[in-house]
Amino acid sequence: MLNQFISDRYQLLSKIGSGGSGTVYLAEHKKLKVYRAIKCISKTSSMQPSPFLEVSLLKNLNHPGIPMIYDIEEDAQSYYIIEEYIQGVPLSHYCKKENALAEEEILKIGIQLCGILEYLHDQSPNPVVYLDLKPEHIIVCENQIKIVDFGQASYLPNNGKVRQFFATPEYAAPEQLLFAQGGKAADIYGFGAVMFSLFFHQRYSIEKKDRFPGTNKNLKSVLPILRRCLAQNEKERFSSVREVKQQMAGLQNNLKKQSKTSLRTEEKQEKNRHLYSKIVLIGSSRRSGVTFTAISLVTYLNQNKLANALYVEKNATDFLRKAANRKNLFRKEEGVYRYGNFKGIPKYGAGVRLEMPEQTLCVEDYGSDMEHLLEDLKEGKVKADKAEEGRFLIVFLVENSYWEWEEAYRKSEQLKDAAIQAGLPEGQMELKLMLDGVLPKEVREFERFFRCRAVSMPWAPNPFRITADKRKAMKSLLQKGGW
C-alpha cells in the first residue's frame, strides 16, 4: 500500500510490471498533471540491494537513454522511487514477432544500446555496470531507446567485479550465474544475448553457440560479433563496449551502402510504374491498423517522389487534431498538417472545403466505418479523381485471426458488389488485402480464401519511418492487379 505522502501527491493509475527489483506503478501527479513511474520495493526482499544505491546512480546520470529520478520515499514496509515515466514499446515485443523490425532498425537499436552502456562504463571516478540487460528492460520510444530498472546496477570497484544480488538466467553471463558477480564483460554478454533475441526471435543458450540460426546474407557478418559477445570465457569477449559499437556501426554503414544502390535501381524502375488516382483504406475491425498504414503509405509515396500524396481523414476519430494537440507533432499550413514527408487533412466537415493542388493523390482513411464507405461507393463519391486515368485502389486491412475471416470475407464481397452497383467500369477499382506481419505461406491462404491479392505489412512502432521491409510491402501494394 502506498504511503500517505505518495497518496497525497499522486493518483495511482495502473500496475506497469513487477520483477526481482520490485513492482512498478503508473501514477499521475495531481497538481502537475504529468505521469510518473513509482517503483515499490519491499524492505524484506532478499534480491534487491539498497534502493538508495539506485537513486544515487540515477541522480548523477544525464543521458537521453536513461530515465530521470525525482524523489524517494519510504514507510515501514517499502521504499518508493519516483521516476520519469517512459512511454514506448518494450523490446521484448519485437523479439516475439518475425519481421517486426527491419535489419537496419535492429542495428540502430544495437548501436544506441552500446552508446548507453558506453556512457555508463565511462563514468568517473567509478564506472557503472548495469548487470541486468534483457528485452523487457529496453523501451523503444520513437527515435531513442531507453533502459529502465536500474535495480541491479552498481558502481564498479577497483577489482572490476561487483557482487550480484539477482540475475535473469536467460540473459546473464556465466560468471553472474556461477559466481554471483559481474563487471563490464557481463554487460557485453547481456548485449549479445539481447541482440540474439532480436535477430533470431529466440533466447540464446550455451547449446546454440555453434549452431546459430540462418540469417539474411546481408547480415552474415553480425554472427562473429554476436559469437564474440557471447563467449563463455569473459576474456574472449570484446575488450570494451566501444569496440562492439564500432563493429555494429561498420555493419550499419555497409548495409546503408547496399540499400542506396538498391534504392537507386528501384527508383529507375518506379518512374514508369502505374500509380492510382486515388487510394482508399478500410479495416475489417478497429484494430486492423488502417490509420497507421495510411500514414505510412503517404510518407512512402512522398519520400520517394512517386506522387504528391495527401492523407484524407474520412473517419470520425479526429486523429490528426488530437495528435497535434497532445504531442505537438505536426505543423499546420493552410489547413494541411505536415510532419516530414507526411501531409494530411483532418475531417473538417461539410462547412470547410480545401482546394487540392493539381496532381494530388488522395489516400483516404475510412477507419473501420464500412457503412460509410459502402454508401460513398453507391453514391459515386469514391472514384478516380481523373477520368482519363480511371483507376483507384481499395486497401482492405484484415486482422490475422481465423475466426474473423468469415465476417471480413462478407465485407470484401460487399465492397465488390457496391462497385458494380455504382456502375464503375470493369477494372476501374482494384481491391487488395493488407495483413499485419503474416508469413508468406499465410498470405497465400488469405488470397485463396478472399479471392484477391494480399500483401503483408510489417509491424513497426513509427508510421512515419519507412524501413526496408515497409518499402517492399508498399511497392507490392502499388503493383497492378487486384480482383
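Could we say that Tyr171 is aromatic (Phe, Trp, Tyr), on the phi < 0 side of the Ramachandran plot and touching a Ser or Thr at 6+ places or on another chain (Cβ under 9 Å) here?
Values: aromatic (Phe, Trp, Tyr): yes; on the phi < 0 side of the Ramachandran plot: yes; touching a Ser or Thr at 6+ places or on another chain (Cβ under 9 Å): yes.
In short, yes.
When region 289-329 is limited to residues that are farther than 10 Å from Lys347 by Cα and aromatic (Phe, Trp, Tyr), the one that is farthest from the chain's Cα centre (by Cα) turns out to be Tyr311.
Taking the condition of being open to solvent by less than 40 Å² (accessible area, probe 1.4 Å) and either in contact (Cβ under 8 Å) with a residue 60 or more places away in the chain or in contact with a Lys or Arg (Cβ under 8 Å, 6 or more places away or on another chain) (or both), how many residues in region 241-251 meet it? Give the derivation first.
Of the residues in region 241-251, the ones open to solvent by less than 40 Å² (accessible area, probe 1.4 Å) are 241, 244, 248-251.
Cutting the leftovers down to either in contact (Cβ under 8 Å) with a residue 60 or more places away in the chain or in contact with a Lys or Arg (Cβ under 8 Å, 6 or more places away or on another chain) (or both) gives us 241, 244, 248-249, 251.
Qualifying residue count for the region: 5.
Could you look through region 465-483, keep only residues that are under 18 Å from Leu361 (Cβ atoms) and assigned to a loop (DSSP other than H, G, I, E, B), and pick out the one that is modelled with the highest pLDDT? Checking each candidate, the answer is Ile466. The number of residues in region 279-288 that are buried (at least 22 other Cβ atoms within 10 Å of the Cβ), within 21 Å of the chain's Cα centre (by Cα) and either of a type in the set (Ser, Thr, Tyr) or at pLDDT below 90 (or both) comes to 1.
Restricting to region 289-319, name every residue that is part of a helix (DSSP H, G or I) and either under 13 Å from Lys343 (Cα atoms) or hydroxyl-bearing (Ser, Thr, Tyr) (or both).
Thr291, Thr293, Ala294, Ile295, Ser296, Leu297, Val298, Thr299, Tyr300, Leu301, Asn302, Gln303, listed by residue number.
For region 161-175, enumerate the residues that are surrounded by 23 or more Cβ atoms within 10 Å (Cβ to Cβ) and within 15 Å of Pro90 (Cβ to Cβ). Within region 161-175, just Tyr171 meets the criteria. Val455 fulfils the conditions (1) open to solvent by less than 10 Å² (accessible area, probe 1.4 Å); (2) modelled with pLDDT of 80 or more; (3) hydrophobic (A, V, I, L, M, F, W, C); (4) not in a strand (DSSP E or B) except for a single criterion, (4). Figure legend. Inter-residue proximity from region 401-426: first residues among the charged types (D, E, K, R), second residues at pLDDT 75 or above, beta-carbon distance below 8 Å, spacing 6+ or different chains. Indicated pairs: Glu404/Ser284; Glu404/Ser285; Glu404/Val398; Glu407/Ser284; Lys411/Ser284; Lys411/Met370; Lys411/Phe396; Lys416/Leu431.
What are the residue pairs meeting all of these: first residue in region 156-170, first residue more than 17 Å from Phe191 (Cβ to Cβ), second residue among the charged types (D, E, K, R) and not in a loop (DSSP other than H, G, I, E, B), Cβ atoms under 8 Å, and 6 or more apart or on different chains? Taking only residues 6 or more apart or on different chains, the pairs are Gly160/Lys184. In this structure, is Ile225 modelled with pLDDT of 85 or more, in contact with a Cys (Cβ under 7 Å, 6 or more places away or on another chain) and over 14 Å from Lys134 (Cβ atoms)? Spelling it out, it is not the case that Ile225 is modelled with pLDDT of 85 or more, in contact with a Cys (Cβ under 7 Å, 6 or more places away or on another chain) and over 14 Å from Lys134 (Cβ atoms). Here Gln144 passes the criteria (1) in contact (Cβ under 8 Å) with a residue 40 or more places away in the chain; (2) over 18 Å from Glu243 (Cβ atoms); (3) in contact with a strand residue (DSSP E or B) (Cβ under 9 Å, 6 or more places away or on another chain) except the one numbered (3). Out of the residues in region 330-348 that are surrounded by fewer than 16 Cβ atoms within 10 Å (Cβ to Cβ) and free of Cβ contacts under 8 Å to residues at least 40 places away in the same chain, state the one that is nearest to Gly367 (Cα to Cα). Of everything passing the filter in region 330-348, Tyr348 is nearest to Gly367 (Cα to Cα). Kindly evaluate Tyr79 against the criterion of being over 26 Å from Gln123 (Cα atoms) and of a type outside the set (Gly, Ala, Ser). The answer is yes for Tyr79. Only residues that are modelled with pLDDT of 85 or more and in contact with a Lys or Arg (Cβ under 6 Å, 6 or more places away or on another chain) were counted across region 16-28, and they come to 3.
Any residue that is modelled with pLDDT of 85 or more and open to solvent by 40 Å² or more (accessible area, probe 1.4 Å) - is there at least one of those in region 373-385? Steps first, please.
First, the residues of region 373-385 that are modelled with pLDDT of 85 or more: 373-377.
Checking the rest, the ones that are also open to solvent by 40 Å² or more (accessible area, probe 1.4 Å) come to 375.
Scanning region 373-385 turns up at least one residue that is modelled with pLDDT of 85 or more and open to solvent by 40 Å² or more (accessible area, probe 1.4 Å).
Condition check for Ala323 on (1) among the aliphatic types (A, V, I, L, M); (2) modelled with pLDDT under 80; (3) surrounded by fewer than 16 Cβ atoms within 10 Å (Cβ to Cβ): one failure, at (3). Scanning region 98-119 finds no residues that are modelled with pLDDT of 90 or more and touching a Pro at 6+ places or on another chain (Cβ under 8 Å). Restricting attention to region 464-482 and to residues that are open to solvent by 20 Å² or more (accessible area, probe 1.4 Å) and closer than 14 Å to Val298 by Cα, the residue that is farthest from the chain's Cα centre (by Cα) turns out to be Lys475. The single residue among Tyr189, Tyr171 that is at pLDDT 85 or above, not aliphatic (A, V, I, L, M) and not in a helix (DSSP H, G or I) turns out to be Tyr171.
The values are calculated or read from the model by the stated rules, or taken from the named source; none is laboratory data. Just so it is clear, the model here is predicted, and its values are computed rather than measured. Note that each Cβ is placed from the backbone with ideal geometry, even for glycine, and that neighbours are counted across all protein chains shown. Side chains are part of the model used for accessible areas, which takes the heavy atoms of the whole protein and leaves out ligands, DNA and RNA. Shrake-Rupley method; radii C 1.70, N 1.55, O 1.52, S 1.80 Å.
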